[in-house]
Amino acid sequence: MTDIIKREPVIPVVAGIKDPIRDGIKAGWKLQSATELSNDSLLSADVIIIGTGAGGGTAAEILTDAGLNVLMLEEGPLKSSDDFRMDEREAYRDMYQESAGRMSKDGSMSILQGRCVGGTTVINWTSSFRTPEQTLEHWAKEFGVKGMSSEEMAPWFAKMEERLGVEPWQVSPNKNNAVLKDGAAKLGLDWKVIPRNVRGCWNLGYCGVGCPTNAKQSMLVTTIPSALEQGAKLLYSARAERLIMEGRKVLGVEVSALDDNYQPTGKRIIAKAPHVILAAGAINGPALMLRSKAPDPHKRIGKRTFFHPTTFTFAEFEEYVDPYYGAPQSIYSDHYQWNTVTGPVGYKLEVPPLPPGFASVLLLGHGANHFQDIQKLPHLHSMIALLRDGFNAESEGGKIELSNDGSPIIDYKVNDYLWDGVVRSWLSMAEMQFAAGAKATRVSHVDSPWFHSWEEAKAGIPKLEFRSNAYTIGSAHCMGGMAMGEDQTRCLVDSNGKYHHLDNLYVFDGSVFPTSIGANPQLSIYGMACRNAHKLVETIKNA
Amino acid sequence: MQKITTSRRGFMQLSATSAAFLAAGASFASLTGCTKAPVASGYKVLRNTDFEFITAIAPVVLGGSYPGVLGPEKAPEVLLKAVDNLVVTLQEYAQSQLIMMFDVMQSAPLRVAMDAPWSTWPEATAEDIERFLQGWKTSMIPLKRMGYGSLVKVLAMCWYSQPETFISSGYPGMPKRELLTDQPIAAAD
């Protein structure tokens, strides 16, 4: 134990960081909490953007640059680098949906999603991939998506990569990521370095709890400050309750002010604009549309919701892994991803960071065994597989429903098709972990023992029982629910993001993806929002 | 919605039908009816009755890490406050399911019907609680497995994110943070 007490972070102190938001407030940016407005306040703008994550943040900068008067609405609070103390407790409470406790209806999927100014971009692990070519081809063929081939999208991705500093990570991977690289190399599998959206990264490892050095190029430190600098307005702690509609037009948005506990204060605000952009993500966006009773002749709102259901395995190493320090994701493998596009489910392999609270949940279980497992933390490595859902007829995704109070319920089930991928992914990851020198491996399933050799794991993993809530399925990627495409019986928005059944509503976020992406989705959202925001500027200017 | 009473007759009816009923995908709502105990003073969601349940199962769920360096006086309060802060931010569906599970835990007949200890929580032995947790973990009934998953995940998250428990996980901690100024966010007028 004395050994543990003496250890300290690789970088012991973070100091000397300027907070761009606090500076901006001093400089007179127009931003405030909805709770500061009086009841029944009326706000107006040229464009309202609901949500300030990857889609909303990107659109805000482009529309403001074009000279439009933009109002951003965000249900989460405003937190910035001086608030980011690398403490899980504060981060989950302040910046995650449901304090990182968001779950599917039957409790079997845990969902990490942002809820703050900047959205999930403030708490993601920085992996930035262009939408895979196979995915874009599948959308064109199956859903009639137009103008979004790899070649057509390339300039938009390039523009956002430049804007957000996306480059393959130049520093050596931390031990947690090195296991994936070493295991893949040993077995002769493909692996690559992950492109990250960072500038001047300190390699601390705390991307998931708010970057304390502002190195992560989230919306919070890039596009949102740029829009505010040019006069855009931001209203936070402001939940969009419903769209106010008349015929085929959205007239405005009814907003509810939220208190520090994320509960409605009873204060209502109305925001009006001739154009409204919905960028509230794949759970809250469809829920808002359902609450608003938006036109939906084919009952498609909230259908085909995808999550990259994510499986976990753990490995114990003799040496320290310290899986909470260093860039959380720097190596990936697509070896098992594209053997077939529409056949048995493919998966991307990455690693997660393991701060202690998060690790204790993933280790799943209770009592002496669970305590023994958590005590191994400094020597633990974990690998994850992101299952590419939505490409096969057996993978129709989940659906968003409304609770009694209008909040979303996420109904998503792991079926036999996905379970096959769960087991294959556990096997792939355990094999790589042993190849990289692990002493023992365990999968995130309550019945899983520690396996002490690849032979043991190969025999034991397929015997683990398929029963809900016995194993961890996580997700940090919410996609779908308002599919994009020209086939109106299956799709709700056109290839430029305009809602088919309303004349002035645009959807610029991950909810328009007709399947999952097959890679961490942030750059897919940036690129698409960048393209569609520029098209919207043209539409508005030509009107 | 089926209204279950705590009378002997209600309990017998429940026992007779519970297995088939639960296996068919019941929710905690359908078990509990509409009991509403007042929220404990200084808390946002948890009731005094929930304290007994959570502090009884905590040493069994969290094994040797509880109460740890916080000690038997402080540990329950730290854990309960953290659970309260998490549960208050859950959206309506998840929060109501969890609260209704806590309601079930307050009724002896419902506890027995759900294979939890008959005795009150302060009187339940570690063996009783372990048997209950194991039963829910491996149950054929999805509702019980969901209950197990929610309980162990919520308690683990709330406990191991506390700096006082880092010594049990071996996490050396986060870097220290020194700010240029000490200024809360003040919105512009």
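The values are calculated or read from the model by the stated rules, or taken from the named source; none is laboratory data. Model, not experiment: these values are computed from the prediction. Glycine also receives a Cβ, built like all others from the backbone with ideal geometry; neighbour counts cover every protein chain displayed.
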* Answer with yes or no whether B:E130 is in contact (Cβ under 8 Å) with a residue 24 or more places away in the chain, in a helix (DSSP H, G or I) and surrounded by fewer than 16 Cβ atoms within 10 Å (Cβ to Cβ). => no
* To do: Could you please find all residues in region A:352-370 being surrounded by 22 or more Cβ atoms within 10 Å (Cβ to Cβ), within 7 Å of chain B (Cβ to nearest Cβ) and out of contact with any strand residue (DSSP E or B) (no Cβ under 9 Å at 6 or more places or on another chain)?
  => A:P356, A:G357, A:S360, A:G365, A:H366
* Structure fact -> Every listed condition ((1) in contact (Cβ under 8 Å) with a residue 12 or more places away in the chain; (2) of a type in the set (D, E, K, R); (3) within 23 Å of A:H445 (Cβ to Cβ)) holds for B:E164 save (3)
* Structure fact -> From the option list A:G460, A:G518, single residue qualifying as on the phi > 0 side of the Ramachandran plot and not aromatic (F, W, Y) is A:G518
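Condition (residue is polar (S, T, N, Q), in contact with a Gly (Cβ under 7 Å, 6 or more places away or on another chain), surrounded by fewer than 24 Cβ atoms within 10 Å (Cβ to Cβ) and more than 14 Å from chain B (Cβ to nearest Cβ)) applied to region A:329-339: is it met by at least one residue? Talk me through it step by step, then tell me what you get.
If we filter region A:329-339 for residues that are polar (S, T, N, Q), which is where we start, we get A:329-330, A:333, A:337, A:339.
Among the residues that remain, those that are also in contact with a Gly (Cβ under 7 Å, 6 or more places away or on another chain) are: A:337, A:339.
Remaining after also requiring surrounded by fewer than 24 Cβ atoms within 10 Å (Cβ to Cβ): A:337, A:339.
Remaining after also requiring more than 14 Å from chain B (Cβ to nearest Cβ): A:337, A:339.
Yes: one or more hits.
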* To do: Kindly indicate which of A:I21, A:I25, A:I17, A:I11 is part of a helix (DSSP H, G or I) and surrounded by fewer than 23 Cβ atoms within 10 Å (Cβ to Cβ).
  => A:I25
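Yes or no, residue by residue, for (1) at the interface with chain B (Cβ under 10 Å from one of its Cβ atoms); (2) within 29 Å of A:P353 (Cβ to Cβ); (3) touching a residue at least 40 places away in the same chain (Cβ under 8 Å):
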position: A:P12; (1), (2), (3): yes, yes, no
position: A:G28; (1), (2), (3): yes, no, no
position: A:G56; (1), (2), (3): no, yes, yes
position: A:D82; (1), (2), (3): yes, yes, yes
position: A:R85; (1), (2), (3): yes, yes, yes
position: A:A91; (1), (2), (3): yes, yes, yes
* Qualifying positions in region A:223-261 - more than 25 Å from the chain's Cα centre (by Cα), of a type outside the set (A, V, I, L, M) and under 17 Å from A:A280 (Cβ atoms) -> A:G252, A:E254
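Hey, any hits in region A:471-489 for a residue that's over 13 Å from A:I301 (Cα atoms), out of contact with any helix residue (DSSP H, G or I) (no Cβ under 9 Å at 6 or more places or on another chain) and of a type outside the set (S, T, Y)?
Of the residues in region A:471-489, the ones over 13 Å from A:I301 (Cα atoms) are A:471-478, A:485-487.
Next, from what is left, pick out any that are out of contact with any helix residue (DSSP H, G or I) (no Cβ under 9 Å at 6 or more places or on another chain): A:475.
This time we only want the ones that are of a type outside the set (S, T, Y), so: none.
No, region A:471-489 contains no residue that is over 13 Å from A:I301 (Cα atoms), out of contact with any helix residue (DSSP H, G or I) (no Cβ under 9 Å at 6 or more places or on another chain) and of a type outside the set (S, T, Y).
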* Structure fact -> All-but-one check, B:A116 against (1) outside any loop (DSSP other than H, G, I, E, B); (2) touching a Phe, Trp or Tyr at 6+ places or on another chain (Cβ under 8 Å); (3) buried (at least 16 other Cβ atoms within 10 Å of the Cβ); (4) at pLDDT below 95, failing number (1)
* Tell me, which residue of region B:141-183 that is in a loop (DSSP other than H, G, I, E, B), at pLDDT below 95 and at the interface with chain A (Cβ under 8 Å from one of its Cβ atoms) is nearest to B:D103 (Cα to Cα)? -> B:Q183
* Filter region B:137-151 down to the residues that are of a type in the set (G, A, S) and under 19 Å from A:G101 (Cα atoms), then identify the one that is farthest from the chain's Cα centre (by Cα). => B:G149
* Are any residues in region A:371-410 over 19 Å from the mean Cα position of the chain (by Cα), within 14 Å of chain B (Cβ to nearest Cβ) and of a type in the set (A, V, I, L, M), and if so, which ones? -> A:I374, A:L377, A:L380, A:L402
* Unmet requirement for A:N39, which otherwise passes all of (1) within 14 Å of another protein chain (Cβ to nearest Cβ); (2) part of a loop (DSSP other than H, G, I, E, B); (3) over 25 Å from A:M160 (Cα atoms) -> (1)
* Asked: Is at least one residue of region A:515-528 at pLDDT 95 or above and assigned to a strand (DSSP E or B)?
  -> no
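List the helices (runs of 4 or more DSSP H) inside region A:364-461, counting only whole elements, that have at least 3 residues being touching a residue at least 24 places away in the same chain (Cβ under 8 Å) and under 30 Å from B:S168 (Cβ atoms). Quick ask: steps written out before the conclusion?
Values: elements: A:367-375, A:416-435, A:454-460.
In region A:364-461, A:416-435 are the helices (runs of 4 or more DSSP H) which contain 3 or more residues that are touching a residue at least 24 places away in the same chain (Cβ under 8 Å) and under 30 Å from B:S168 (Cβ atoms).
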* Asked: Could you say which residue among B:L90, B:L133, B:L98 is modelled with pLDDT of 90 or more, within 25 Å of B:K36 (Cβ to Cβ) and facing chain A (nearest Cβ under 8 Å)?
  -> B:L90
